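The values are calculated or read from the model by the stated rules, or taken from the named source; none is laboratory data. Everything numeric here is computed off the predicted structure, so don't read it as measured data. Reconstructed Cβ throughout: ideal geometry from the backbone, glycine too, with neighbour counts over all protein chains shown. Note: accessible area is taken over every heavy atom of the protein model, side chains too, but ligands, DNA and RNA are not part of it. Shrake-Rupley method; radii C 1.70, N 1.55, O 1.52, S 1.80 Å.
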Amino acid sequence: MRDGDNNVKALFRQGQMPPYMSYPLPSNPDDLRQEVPPTSTMPTDTTFEQNLGSTSRMTAESCLDANDMVFDINEDLEGTTVVEDDEVRVEAPRSGMEFDSMKDLIAYYKLYAKQEGFGVRTQRTRKDDEGRPVYVTVGCARGGKYNPTNNNISKPRPTTRTDCKARVNATLSKNDKWVVTTVENLHNHITVSPKKTRFLRSHKHLDEYSQRILDLNDRAGIRMNKNFYSLVVDAGGFENLQFQEKDCRNFIDKARHLRLGKGGGEALNQYFQRMRDRNDGFVSNMDLDDEGRLRNVFWADARSRAAYEYFGDVVTFDTTYLTNRYGMPFAPFVGVNHHGQSILFGAGLLSNEDTETFVWLFRMWLDCMNGRAPKAMITDQDRAMKSAIAIVFPETHHIYCLWHIMRKLPEKLGSHAQFNAGLKTDLQTALYDSHTSGEFDESWGQVIAKYDLHGNKWLQSLYEERSFWVPAYLKSVFWAGMSTTQRSESMNAFFDGYVHSSTTLKEFVDQFDNALRKKVELETMADFNSNNQTIPCLSHFNIEKQFQRLYTNAKFKEVQRELLGLMCCNCSLVSTEGCILKYQVSDEISTDDHIKTLHFFVYFNEEEVEVKCTCALFQMRGILCRHALRVCQFKKINVLPDVYVLDRWRKDLKRTYTLVRSSYDDQRDRADARNYERVLKRCSKLATKISSDNEKISAFLRVVDEFETKCEGSTLESAYEQTKAKANVVLDKGKKILSPNVTRGKGRPPSKRKVPPVEKLAPKRKKPTSRKILVDETQWGETPGSEQHQFDYGVDVGTQNSILTQSTPEMCHHLDPHL
């Protein structure tokens, strides 16, 4: 229909006026009634007045809405037609009109309807034996009777149907011309003002420019309300747009559908196949049940695998983030890079949180990382996860997330009478101020006895597993600053702007790709800043200059925080045994309400220049503590041995994983997208140069008009239609991968909403099976030949329950010798 509309307007530009057009008439403010031929608009009987009652012929004064007084009175009157002097008025339809095609007929009637203030729809079409249309009825969109489909009497749906008889009938003549046979121009309802026809469905149009802006903003993660409002500002107001926000939302949903696929198991598998084609290092695995239904998913890109070679000593794993419409927990493997930033090592989507599922995921991830297990793994306090780690990573030190445990204190002990009167503080003191396991055991026992907590089973279970979470028991374990799973949770927070409860599987993986792209950019920026900027030293201490020269800016700031703490440390020699000197360092620590003094012991080897503190900050985080630095300052040590400068935090090392490109599913790789961006940038530069010169603008527009006339014969296919056509390619044939069942999360299910009594009395309509999530998503609303059917891929999965796809070439990366 839109092409026909453009063809009609093209005739105007070429000076060829169609027979149904007339030149503009001067508007008369005193006569605001609809300008139509008397034979078609003035009824000879009173039927029309009887149907409409007292509102059949409303005057301009009664039609005027008080709320619309801010608009031009000649443009905003319901039931009126006002045509500007510079516009061409469309002649009313009459019998005998001829059109070259049905498209031209519909385009003409749409122009007429927009002028008169009503919507249009094709009501009836008849075809011959060859399937060619030979008869068509185009009429008012409010034609037809209202047939309610919603049986809920408490929520009647509004309708626009009034059984309006306004229409035109046309037949295909022998000379292949469409001839209007009968015409009815009477409406049994009030037409809207031309200014409001943009709300009518038949007159809405989302142009290609707006589609591009919407799609680009959507890829950038901009919310739809801001995305749409950017078009409003660009157009100069809502009234200058031929679409509403709802139309933009529908377009984005369709664009995502064409870009991402249906969203179930099939589309996800096709996405993984495309990523493997782009990058040999991409690994994916899909675990299927006996029916071929997707249960679990794992994937990792080449850059993540390469980065694991450098920073895979400590990994956090968390499954507390529900991601999609199936309720599948998102399970990221997260580490920390040389800037202290979170870095992804792969991820999974799980259908269950039992030991068997975790064992499957851990084994897939371990195979992906060439069998190299992490030295330490931080998780939440989950029994199934603990068992799976013991099976797959027997040599890995398993640590519970301390933050998760401390967060449960109000829930588990909040009912105690003295919880806020000393219990909470004493538990924290026993946990954080104990330097050895013996000190913790003693302090813990005192708290249990003081508050009579011997019968608390939760505290008993925590004490039995104290070696998994108490810092005094974990001082020999390198955490890299990740004492809790906050790394995973910060990664989850990063996804909050991308996904929601109805996110499909494929859409989530695509957003994971966007998050990975963002993380890579942040790391690249941090690398640049560390090599291009220098943080000034706070002192003349040569050790500070040593770390300034070697460490990244983020890690050097941590060193400076320890150097600032030297002012609160007092050092004294306690004993000497050969070359081993024992010092006591008193550290004043400021808390919320007071200052407390803690005592640490530092052992210094004069021969080897080795230093070790009982706080074990270096052993756990890789940063030398203020107590050890105080002793080095006391002993006039100007340069630390290399053992205290970890390669993990250095900025002068070249790490090969930064040269590996992630498998981004970039739609800009399409030729049409690149060409569009090329033309747009060129035109934008030219517009900036000539915008102040009206003569140059007129000359430029003449050239554009001439070129547009030459291009009218060619069909410019939309980029999204091209994407849709490419999706028809069938890669394999065989058993399809079905979408997963909905997963029930842990804990109490949400309560159902209350139903009003009137809704209970209404008969319930049986829900169609096509809306069930439990069935394969490729069956949703599909019929043979439907538009959605083209995404129904076939993939050969054989008889196995798990599909593992991994590149055969081995990636060569240098392993950090200090990991």
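Annotations
- Test for LEU231: is it touching a residue at least 24 places away in the same chain (Cβ under 8 Å) and open to solvent by less than 50 Å² (accessible area, probe 1.4 Å): no
- Output for the stretch 628-652, where each listed residue is open to solvent by 10 Å² or more (accessible area, probe 1.4 Å), free of Cβ contacts under 8 Å to residues at least 60 places away in the same chain and not aromatic (Phe, Trp, Tyr): LYS635, LYS636, PRO641, ASP642, VAL643
- Considering only residues in the stretch 193-225 that are among the hydrophobic types (A, V, I, L, M, F, W, C) and out of contact with any Phe, Trp or Tyr (no Cβ under 7 Å at 6 or more places or on another chain), the one that is nearest to ASP513 (Cα to Cα) turns out to be ALA220.
- Restricting attention to the stretch 588-610, the residues being open to solvent by less than 60 Å² (accessible area, probe 1.4 Å) and closer than 20 Å to THR425 by Cα number 4.
- Long-range neighbours under 6 Å by Cβ, at least six apart or interchain, first residue within 18 Å of VAL679 (Cα to Cα) within the stretch 689-713, second open to solvent by 90 Å² or more (accessible area, probe 1.4 Å): ILE690/LYS696
- Candidates TYR432, TYR400: the one that is surrounded by fewer than 17 Cβ atoms within 10 Å (Cβ to Cβ) and of a type in the set (Phe, Trp, Tyr) is TYR432.
- Selection of the stretch 196-216 for residues being more than 19 Å from THR160 (Cα to Cα), in contact (Cβ under 8 Å) with a residue 40 or more places away in the chain and open to solvent by 50 Å² or more (accessible area, probe 1.4 Å) yields HIS205, GLU208.
- Residue satisfying all of: in the stretch 548-604; among the basic types (Lys, Arg) and in a helix (DSSP H, G or I); nearest to the chain's Cα centre (by Cα) among these: LYS555
- The residue of the stretch 217-228 that is modelled with the lowest pLDDT, among those that are in a helix (DSSP H, G or I) and surrounded by 12 or more Cβ atoms within 10 Å (Cβ to Cβ), is ARG219.
- In the stretch 460-469, of all residues being in a helix (DSSP H, G or I) and touching a residue at least 12 places away in the same chain (Cβ under 8 Å), the one that is least open to solvent (accessible area, probe 1.4 Å) corresponds to LEU462.
Here is a yes/no grid of residues against (1) of a type in the set (A, V, I, L, M, F, W, C); (2) modelled with pLDDT under 95; (3) on the phi < 0 side of the Ramachandran plot; (4) in a loop (DSSP other than H, G, I, E, B):
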{"position": "ALA307", "(1), (2), (3), (4)": "yes, yes, yes, no"}
{"position": "PHE330", "(1), (2), (3), (4)": "yes, yes, yes, no"}
{"position": "GLY335", "(1), (2), (3), (4)": "no, yes, yes, no"}
{"position": "GLY340", "(1), (2), (3), (4)": "no, yes, no, yes"}
{"position": "TRP360", "(1), (2), (3), (4)": "yes, yes, yes, no"}
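- Residue within the stretch 383-397 that is among the basic types (Lys, Arg) and either in contact with a Gly (Cβ under 6 Å, 6 or more places away or on another chain) or not assigned by the TED database to the domain that holds ILE343 (or both) present: no
- So PHE556, is it in the same structural domain as VAL602 (by the TED database) and free of Cβ contacts under 8 Å to residues at least 24 places away in the same chain: yes
- A residue that is under 29 Å from ASP100 (Cβ atoms), open to solvent by 50 Å² or more (accessible area, probe 1.4 Å) and assigned by the TED database to the domain that holds VAL120 occurs somewhere in the stretch 151-171.
- If you go through the stretch 690-734 and keep only what is modelled with pLDDT under 85, open to solvent by 60 Å² or more (accessible area, probe 1.4 Å) and assigned to a helix (DSSP H, G or I), you end up with GLU708, THR709, LYS710, GLU721, LYS726.
- Among the residues of the stretch 102-138, the one identified as touching a residue at least 60 places away in the same chain (Cβ under 8 Å), assigned to a strand (DSSP E or B) and buried (at least 23 other Cβ atoms within 10 Å of the Cβ) is VAL120.
- Of the residues examined, PHE243 is one that is open to solvent by less than 30 Å² (accessible area, probe 1.4 Å) and in a loop (DSSP other than H, G, I, E, B).
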